[in-house]
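Chemist: Okay, here's the structure, questions in a sec.
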Amino acid sequence: MKQKVRVGIIGCGKIALNHAKALLANDNVELLACADVDGKRAAEFADRFGILHAYDNSTDLMSSGIDTVTVCTPHPTHEATVIEAARHGLNVLCEKPIAISLAAADNMIDAAESAGVTFGVLFQRRFWEASQRAHQAIRSGRIGTPVFASVSLRLGRDAAYFNSDPWRGTWDAEGGGVLINQAIHYIDLMQWCVGSPVVRVNGSIATLKHGDHIEVEDTAVATLEFANGALGVIQAGTTFAPGLGTQVLVTGNNGATVSVTEFPEGEPAFNDIWTVAGEESYQSVHSTETDSDPSLATIHEGLTPYHARQIDDFIDAVAHHRAPLVTAREARKALATVLAIYESSRTRLPVDLGATPVHA
Ligand SMILES: NC(=O)c1ccc[n+]([C@@H]2O[C@H](COP(=O)([O-])OP(=O)(O)OC[C@H]3O[C@@H](n4cnc5c(N)ncnc54)[C@H](O)[C@@H]3O)[C@@H](O)[C@H]2O)c1
């Protein structure tokens, strides 16, 4: 690589720490600038990581001679920030969820495509070894055709978590609850592994435990149909005390099943079910003698190496003018599924997402 990729971070809160560590560890990156609407926070972040320029607004950062930004701001701000970055000709790696509406996601994708910039979205759980192994087994046909898939998310959150940032727990400022914030990682992982998008959804959401401090859902269930005819289910809650972890599971038409399980939250996932013929040794034995309710900082720390892998993939994609592993169009699929569950819950009707399942 001739010239280093010059990067700025927008939003200097909690997850920006993972971005800064990953960017500083990448030899092909110059981390030159950061911005936060809280200028003091940006300045402290710059001091901590030795970043040259700190700004109290993203527009000044975008004109500072960088060519790439990572966006670590709350969900509803992603749309305007990404569009502005694209119009400045900057490549963008945006934190999940891509946006809180499909119209916003489409505006962002249009802006990036019109500007010819690379636009990726953070779903670093795809970069776990266990995810890569499951994806590879499925893509190479070792479970046959995927026929069943599930996401089971059983996490613990408390009032302190929801009260820790003003944007958490409201429809306007977060765009939803457990589905759009936590489960979306695993919905993305499930769809990537199945290799076929969700095309029909029936779902219900409710606020059953945390209603004193949030208006969004803490509990969700849904049945899914994929374009290839596979069926699936999602069950998700932030109501568990202690948290019991998260599992994505895919079964194929030869009967084999692979799973990717994260427990405790933030630890690298493992393949707790692996019934592919001749590969039984992949099935991981995992100790549960660990803290099942780690702090948010511990969870983020555990995810840092996988942020690094995705950020390295994105930087390499920018340098070599190729698509990153998680494109914005890919990330839109998980958002579409989440929003369809919200709509189905509201209307009490199934929601079609476009394509027709092969068995319909
Ligand atoms: N990939 C993951 O595993 C993971 C984990 C945690 C959070 N996230 C995502 O990262 C994003 C940020 O989450 P967080 O927990 O770091 O939030 P946070 O509240 O800790 O940090 C957000 C920061 O953005 C700043 N900000 C708000 N609006 C801004 C704007 N328009 N321009 C510049 N700065 C602005 C805030 O002042 C704050 O410092 C969210 O999309 C969240 O879902 C991803």
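Table: residues versus (1) away from the ligand (no atom under 14 Å from the Cβ); (2) among the aliphatic types (A, V, I, L, M); (3) outside any helix (DSSP H, G or I).
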residue: 46; (1), (2), (3): no, yes, no
residue: 51; (1), (2), (3): yes, yes, yes
residue: 59; (1), (2), (3): no, no, no
residue: 65; (1), (2), (3): yes, no, yes
residue: 77; (1), (2), (3): no, no, no
residue: 100; (1), (2), (3): no, yes, yes
residue: 104; (1), (2), (3): no, yes, no
residue: 110; (1), (2), (3): yes, no, no
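Chemist: Let me ask something additional. Within segment 166-183, restricting attention to residues that are in contact with a Lys or Arg (Cβ under 9 Å, 6 or more places away or on another chain) and over 15 Å from residue 76 (Cβ atoms), which residue is farthest from the ligand (Cβ to nearest atom)?
Modeler: My answer is 178.
Chemist: For segment 156-166, state whether one or more residues are within 24 Å of residue 311 (Cβ to Cβ), outside any helix (DSSP H, G or I), assigned by TED's automatic domain parsing to the domain that holds residue 284 and in contact with a helix residue (DSSP H, G or I) (Cβ under 6 Å, 6 or more places away or on another chain).
Modeler: So far as segment 156-166 goes, no, none of its residues is within 24 Å of residue 311 (Cβ to Cβ), outside any helix (DSSP H, G or I), assigned by TED's automatic domain parsing to the domain that holds residue 284 and in contact with a helix residue (DSSP H, G or I) (Cβ under 6 Å, 6 or more places away or on another chain).
Chemist: Which numbered condition in (1) in contact with a strand residue (DSSP E or B) (Cβ under 7 Å, 6 or more places away or on another chain); (2) assigned to a helix (DSSP H, G or I) is the only one that residue 293 fails?
Modeler: Looking at each condition in turn, residue 293 falls short on (2).
Chemist: Now for a different question. Tell me, please, whether a residue that is among the acidic types (Asp, Glu), part of a strand (DSSP E or B) and in the same structural domain as residue 169 (by TED's automatic domain parsing) can be found in segment 224-238.
Modeler: Yes, the conditions are met somewhere in segment 224-238.
Chemist: Now, a different point. When you look at residue 87, is it more than 12 Å from the ligand (Cβ to nearest atom), more than 20 Å from residue 187 (Cβ to Cβ) and outside the structural domain of residue 166 (by TED's automatic domain parsing), yes or no?
Modeler: Here the answer is yes, as residue 87 does meet what is asked.
Chemist: Here is a follow-up. If I go through segment 213-243 residue by residue, how many of them are surrounded by fewer than 19 Cβ atoms within 10 Å (Cβ to Cβ) and either within 17 Å of residue 158 (Cβ to Cβ) or of a type in the set (D, E, K, R) (or both)?
Modeler: Count: 6.
The values are calculated or read from the model by the stated rules, or taken from the named source; none is laboratory data. This one's a predicted model, so the numbers in the text were calculated from it and none came from an experiment. For neighbour counting, all protein chains shown are included, and Cβ atoms are generated from backbone atoms with ideal geometry for every residue, glycine included.
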